[in-house]
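First up is the structure itself, then whatever we jot down about it.
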Amino acid sequence: MRIPCPYCGSRDIQEFVYRGDAGPTRPTHDDSFFAYVYLRDNVAGTMREHWYHAQGCRNWLVVTRDTLTHEIEGAALARRSSQ
Amino acid sequence: MRGQTHRLATGGLIDRARPLSFTFDGKAYTGFAGDTLASALLANNVPLVGRSFKYHRPRGILTAGSEEPNALVTLRSGAHAEPNSRATVIPLFDGLAATSQNRWPSLAFDVLALNQLASPIFVAGFYYKTFMWPAAFWEKVYEPLIRRAAGLGALSMLPDPDHYDRSHAFCDLLVIGAGPAGLAAARAAGRAGLRVIIADEDERFGGRLLAERHKVDGMDGPAWADAAAVELATFPNVTSLPRTIVFGAYDGGEYGAVERVSDHLASSLPGQPRQRLWKIVARHTLLASGAIERPIVFGGNDRPGVMMASAVTAYINRFAVAPGKRALVFTTSDSGWSAAEDLVAAGCDVAAVVDARGSPPPAAERLRRAGIRIFEQAAVANVAGRRTRAATIIDSSGRAHTVAVDLVAMAGGWNPSIGIGSNLGCRPSWSDSANAFLLDTPPRGMTPAGAAAGALSLADALASGIAAAVKAGSEMGVTIAAEAPAAEAEPASTSPPHPVRGRPGKAFVDFQNDVTAKDIDLAASEGFTSVEHLKRYTTLGMATDQGKTSQVNGHAVLAAATGKTIAEAGTILSRPPYLPVAIGVLAGHHRGRHFRPERRTASHEWAEEQGATFVDAGQWKRAQWFARPGDRDWSDTVAREVNATRGGVGICDVSTLGKIDVHGRDAGLLLDRLYVNTFSTLAIGKARYGLMLREDGFVLDDGTTTRFAEDRFFVTTTTVNAARVMQHIDFARQVLWPELDVQATSVTEQWSTYAVAGPRSRMLLQKLLPAVDLSNENFPYMGAAEFEWMGAPARLFRLSFSGELAYEISAPASFGDRLVRALFEAGSAFDVTPYGTEALGVMRIEKGHAAGNELNGQTTARDLGMARMMSQKKDFIGRVMANRPALLDPARPSLVGIRPKAPDARLRAGAHLLPEGVRPVADHDQGFVTSVAFSPVLGHWIGLALLAGGPGRYGETIVAHDPVRGSDVAVEICNPVFVDPEGTRLRG
């Protein structure tokens, strides 16, 4: 499997570290922290995920991946996505 | 040719000028270059090659390809021995030695054939139904007995002496299979300039063209194939991989393949790998892997002498071997008639051709005129003989005829080899027009072509290959010439699987796992009606051949038994590897010492000179201790190093700890959000201990962070968490707070750092650095400074892990060797001692410092006695969840020290803590011992532990219970800081 890193191009998945769902945002209210830390949707279909290009440019990416077909539709810098 | 009684006088693709000698079960035979072991055995009229898995029935060669279920032999001997090698794909070499398997004492007389008498018990699922009582017998009695009785070849149990290589390749078009469709497609794509990789498991390209008699573009099949292969070799954009099996399809257009580099030689050349693993990334793939002929299910179809019709064709045409003298052909497809004509052309006696259908192809007329008996709408009910002797034919009116034959060729239709097409979950579906399962929804980027797509006639296969190449090319914006090579459109109709039921005799479906048609009926009657359940319950298709000759026939029998159509019954998904793959080739060069990369610090060579013993810390090699004459054992060495350091000065390489530069206007602010304590207030030239949490409130890591400027911080981590913390910092600044002006980079490998510890450490360093004022007033505890050493930037930190007066000195890693030698030179006047990780560990335990054993991912800051470090004035990662009620519970296991009540008792890490006098069960468990050491300072063992309500229980006696190593030690709970609890030595 390969991930199209915006800086480095198409690279083998072994260069990356997977974190998880890119959806949840760190809450401003203490009450929402439990959900932020522990609760996740288990999507059968397209997900946006956080991957870290550990063996490359060391940028965090948001990768759009289909959990059923494993097809990776694209990857963008996480920094851009959250702004 | 003496002994080769079944070798034809002329013809074949073998090289009669190169005779080869080989042995099978110790007997000597000859063959020719170009033979396989199977063709050479057949030439020498060796009927028996193995015994079946369960019933130990005598078995002969069934096929001429890698789908072979019967002819499994052990090739070579000793460490090079390879069991379960299929004789049909072993190229013959001079001196080849092979032995049969799964028989005792010999192939001819196998005692375990007695299993057959008990065959009514050994039906499908019998393991689940018998051997159930008593339960204890399963592990000790039944399973070992079954294992010994069942099984195929045996491993040599010696280390694998071969080398294995790895290659990574990228291409526009991967062509799997170099038969007519694959060759035509690869050649057209290569001519158009695409980057092509073409792979075939055979030694020569050509596929069925090597086995059958065809003309392509006016040339003989093999000649056309050779010419295409030669042309492909001239293209720099084409990589040809014969002897290469593509074994699996993976996500993202990736394929795994094994190239058998030197398996066909008697032994590898020096330095030559035995096999090479290819990881191929292809933009587009053609699955031109051909089709495998289906056996027919009838009584006695497993007897030596019953063979696939396509195999008979291959042995006659490619190897010039007649597999029998008097043959019967039983067919449900047009292709079976070609085998009959090949037999006639080879001079074999054809006793009869039996076609289950009513409308045979034109060949029938030719054979009828040649005087051969033809039976239409008929079937073979049974084959008799330990070695095929006679066959019983049931004609269209139901009358039985028995014919004496020594060869029965069966042609049950064709199964496209689409196995790897279903690796990614695309389930094939039944096609009534092809009478086979087809991959009609292949994975993206893959196109079946040729017989693999159901195009069975040669002309259709060639056209299909070209069409697939054109389509692939257009998807990549390249125009490929659409002209297909010319060949005849021979008759190629087939019928669905046609089991012959209702007759006595065992009718085999899976030859390798000995699954009969009756077993399938039984499974269906017991409710295992899905093809996936049938497979697991009967073990149909689960042998090393993965059901290549049995799966579809099994589906047909199941469909009939459950009243479904075969389309409704469906088929299973295939899982890689398509053919057996040696573990060694997957490991490649990553074996033994090279299993993982080895990371060394700059002082490694120096440490080796000093006689260091090394230990693995992750991928790092760290000096564990430095033995000296007079040390009786390692514990003497470690005690000496601790005493020398605490009493004088010791030096330890601490370069492996993680180091991260955090720079920027908001660097301090970021660190405030990462650590539980505050760093934005840290003065320049000062270091501070920090604790980092995960967002769930548990401790992630600890370290000391130093401020060198308003906007420059230097963070350290533990050795094992260096990468994890770097990732954590990058996540915080890129994803959580991208608005902060801060950058971070790992500098773990850029700096060499040495701890210089002990009362004489200041003197040593002052001698090395006369220009730096190391007085206590100018360089207090937790101070830090940057300066130059030997023209390179250097740093000095006054930090102490040992609890003594201590420093850490850093220089760029390229100066690391020079620095350590300079330190020891300066230290010679002070009797400096090198110390390793063991002494480092003893000293930190004596000081009650938490390390990896305590930062185990399950402890909180509070558990470790660091609750007061958590700032109340700022947000930080983990703040909210660390304050969950359960994590504030004082009954949680918390850090304490333990010392044995009996002064000479030994403590062991991992022991659990229970109150005195209670039964040692989980209900009474109150914690466990995390770290232990023999303290040279105190003269007895000490330990750190996590104990429920720990800090409030100093003075209490408790039991350290170790059932694994069989000891119970009474211990006293105490302060974890065993040595210099006031910390006076640090601050001197």
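For residue B:374, state whether it is surrounded by fewer than 22 Cβ atoms within 10 Å (Cβ to Cβ), in contact with a helix residue (DSSP H, G or I) (Cβ under 7 Å, 6 or more places away or on another chain) and not in a loop (DSSP other than H, G, I, E, B). Even if it seems obvious, please write down each step before you answer.
Numbers: surrounded by fewer than 22 Cβ atoms within 10 Å (Cβ to Cβ): yes; in contact with a helix residue (DSSP H, G or I) (Cβ under 7 Å, 6 or more places away or on another chain): yes; not in a loop (DSSP other than H, G, I, E, B): yes.
It is true that residue B:374 is surrounded by fewer than 22 Cβ atoms within 10 Å (Cβ to Cβ), in contact with a helix residue (DSSP H, G or I) (Cβ under 7 Å, 6 or more places away or on another chain) and not in a loop (DSSP other than H, G, I, E, B).
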Open item on the list: For the structure I just gave you, tell me whether residue B:82 is crowded, with 16+ Cβ neighbours inside 10 Å, within 28 Å of the chain's Cα centre (by Cα), among the charged types (D, E, K, R) and at pLDDT 95 or above.
Closed with: no
Open item on the list: All but one of (1) more than 32 Å from the chain's Cα centre (by Cα); (2) modelled with pLDDT under 95 hold for residue B:402; state the number of the condition that does not hold.
Closed with: (2)
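Just to be sure, is residue B:697 more than 27 Å from residue B:804 (Cα to Cα) and in a loop (DSSP other than H, G, I, E, B)? Before you say what the answer is, go through the steps one by one.
Numbers: more than 27 Å from residue B:804 (Cα to Cα): yes; in a loop (DSSP other than H, G, I, E, B): yes.
So residue B:697 fits the description; yes.
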- [ ] Could you pull out every one of the strands (runs of 3 or more DSSP E) wholly within region B:24-118 that has 2 or more residues that are closer than 20 Å to residue B:242 by Cβ?
- [x] B:27-33, B:82-86
TODO: Determine which member of the set B:794, B:744 is of a type in the set (Gly, Ala, Ser) and more than 30 Å from residue A:78 (Cα to Cα).
DONE: B:794
Task: Residues of region B:702-735 that turn out to be in a helix (DSSP H, G or I) and free of Cβ contacts under 8 Å to residues at least 40 places away in the same chain, as a count - done: 6
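Would you mind stating whether residue B:258 is assigned to a strand (DSSP E or B) and either more than 14 Å from chain A (Cβ to nearest Cβ) or of a type in the set (D, E, K, R) (or both)? Please lay out each step first, then the result.
Working: assigned to a strand (DSSP E or B): yes; either more than 14 Å from chain A (Cβ to nearest Cβ) or of a type in the set (D, E, K, R) (or both): yes.
In short, yes.
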Open item on the list: Against the conditions (1) away from every other protein chain (no Cβ under 14 Å); (2) touching a helix residue (DSSP H, G or I) at 6+ places or on another chain (Cβ under 6 Å); (3) crowded, with 21+ Cβ neighbours inside 10 Å, where does residue B:658 fall short? Just the number, please.
Closed with: (1)
- [ ] Please give the number of the condition residue B:282 fails out of (1) under 30 Å from residue B:168 (Cα atoms); (2) away from chain A (no Cβ under 14 Å); (3) touching a Phe, Trp or Tyr at 6+ places or on another chain (Cβ under 7 Å).
- [x] (2)
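Count, please, the residues in region B:577-587 that happen to be farther than 16 Å from residue B:166 by Cβ and either without any contact (Cβ under 8 Å) to a residue 24 or more places away in the chain or buried (at least 18 other Cβ atoms within 10 Å of the Cβ) (or both). Steps first, answer last, please.
Kept after step one, since they are farther than 16 Å from residue B:166 by Cβ, are these residues of region B:577-587: B:578-580.
Subset that is either without any contact (Cβ under 8 Å) to a residue 24 or more places away in the chain or buried (at least 18 other Cβ atoms within 10 Å of the Cβ) (or both): B:578-579.
Count: 2.
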- [ ] Taking only region B:475-519 into account, find how many residues are in contact with an Asp or Glu (Cβ under 6 Å, 6 or more places away or on another chain) and closer than 30 Å to residue B:221 by Cα.
- [x] 5
TODO: Scan (1) surrounded by fewer than 24 Cβ atoms within 10 Å (Cβ to Cβ); (2) touching a residue at least 12 places away in the same chain (Cβ under 8 Å) for the single condition residue B:157 breaks and write down its number.
DONE: (2)
TODO: Scan (1) under 22 Å from residue B:860 (Cβ atoms); (2) in contact with a Phe, Trp or Tyr (Cβ under 9 Å, 6 or more places away or on another chain); (3) acidic (Asp, Glu) for the single condition residue B:904 breaks and write down its number.
DONE: (1)
TODO: Return the residue satisfying two criteria in turn: it lies in region B:830-843 and is more than 40 Å from the chain's Cα centre (by Cα) and assigned to a helix (DSSP H, G or I), and of such residues it is surrounded by the fewest Cβ atoms within 10 Å (Cβ to Cβ).
DONE: B:830
Open item on the list: So, in region B:692-723, exactly how many residues are closer than 23 Å to residue B:810 by Cα and either hydroxyl-bearing (Ser, Thr, Tyr) or more than 9 Å from every other protein chain (Cβ to nearest Cβ) (or both)?
Closed with: 22
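Identify, please: which residue in region B:736-769 is of a type in the set (S, T, N, Q) and either assigned to a loop (DSSP other than H, G, I, E, B) or at pLDDT below 95 (or both) and is, among those, surrounded by the most Cβ atoms within 10 Å (Cβ to Cβ)? Show your work before the answer.
Looking only at region B:736-769, we keep the residues that are of a type in the set (S, T, N, Q), and these are B:743, B:745-746, B:748, B:750, B:752-753, B:761, B:766.
Within this subset, residues satisfying the condition of being either assigned to a loop (DSSP other than H, G, I, E, B) or at pLDDT below 95 (or both) are B:748, B:750.
Numbers: B:748: 21, B:750: 14.
Here the answer is B:748.
Might you check whether a residue that is surrounded by 14 or more Cβ atoms within 10 Å (Cβ to Cβ), touching a Ser or Thr at 6+ places or on another chain (Cβ under 6 Å) and at pLDDT 95 or above occurs anywhere in region B:593-600?
no
For region A:1-23, what are the residues that are more than 10 Å from chain B (Cβ to nearest Cβ) and crowded, with 16+ Cβ neighbours inside 10 Å?
First pass over region A:1-23, keeping only residues more than 10 Å from chain B (Cβ to nearest Cβ): A:4-9, A:11, A:14-16, A:18, A:20-21, A:23.
Correct list: A:5, A:11, A:15, A:16.
With the requirement that a residue be of a type in the set (Gly, Ala, Ser) and outside any helix (DSSP H, G or I), what does region B:301-339 give you? Outline the logic, then answer.
Keep residues of region B:301-339 that are of a type in the set (Gly, Ala, Ser), which gives B:305, B:309-311, B:314, B:320, B:322, B:324, B:327, B:333, B:335-336, B:338-339.
Selection gives B:305, B:320, B:322, B:324, B:327, B:333.
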Task: Within region B:67-84, tally of residues that are more than 14 Å from residue B:266 (Cα to Cα) and touching a Lys or Arg at 6+ places or on another chain (Cβ under 9 Å) - done: 7
Open item on the list: So residue B:878 ticks every box in (1) within 14 Å of chain A (Cβ to nearest Cβ); (2) surrounded by fewer than 15 Cβ atoms within 10 Å (Cβ to Cβ); (3) out of contact with any helix residue (DSSP H, G or I) (no Cβ under 7 Å at 6 or more places or on another chain) but one. Which box is left unticked?
Closed with: (2)
- [ ] Identify, by number, the condition in (1) in a loop (DSSP other than H, G, I, E, B); (2) in contact (Cβ under 8 Å) with a residue 24 or more places away in the chain; (3) farther than 28 Å from residue B:189 by Cα that residue B:391 doesn't meet.
- [x] (1)
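Could you pull out the residue among B:617, B:623, B:639 that is over 41 Å from the mean Cα position of the chain (by Cα) and either within 14 Å of another protein chain (Cβ to nearest Cβ) or among the small types (Gly, Ala, Ser) (or both)?
Numbers: B:617 fails: over 41 Å from the mean Cα position of the chain (by Cα); B:623 fails: over 41 Å from the mean Cα position of the chain (by Cα).
None of the other options fit; the residue is B:639.
Among the residues in region B:800-808, are any free of Cβ contacts under 8 Å to residues at least 40 places away in the same chain and assigned to a loop (DSSP other than H, G, I, E, B)? Give the derivation first.
Here is the first cut: in region B:800-808, the residues free of Cβ contacts under 8 Å to residues at least 40 places away in the same chain are none.
Among the residues of region B:800-808, not one is free of Cβ contacts under 8 Å to residues at least 40 places away in the same chain and assigned to a loop (DSSP other than H, G, I, E, B), which makes the answer no.
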Open item on the list: Filter region B:215-247 down to the residues that are in contact with a Pro (Cβ under 8 Å, 6 or more places away or on another chain) and either part of a loop (DSSP other than H, G, I, E, B) or surrounded by fewer than 19 Cβ atoms within 10 Å (Cβ to Cβ) (or both) and list them by number.
Closed with: B:217
- [ ] Identify, from the list B:408, B:478, the residue that is part of a loop (DSSP other than H, G, I, E, B) and at pLDDT 95 or above.
- [x] B:478
Task: Qualifying position, being in contact (Cβ under 8 Å) with a residue 12 or more places away in the chain, within 43 Å of the chain's Cα centre (by Cα) and under 28 Å from residue B:806 (Cα atoms), among B:894, B:931 - done: B:931
Task: Subset of region B:716-732 [within 19 Å of residue B:668 (Cβ to Cβ) and out of contact with any Lys or Arg (no Cβ under 9 Å at 6 or more places or on another chain)] - done: B:725, B:729
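The values are calculated or read from the model by the stated rules, or taken from the named source; none is laboratory data. No experiment lies behind these values; they were computed from the predicted model shown. Because the Cβ atoms are built from the backbone with ideal geometry, glycine has one as well, and the counts that use them run over all protein chains shown.
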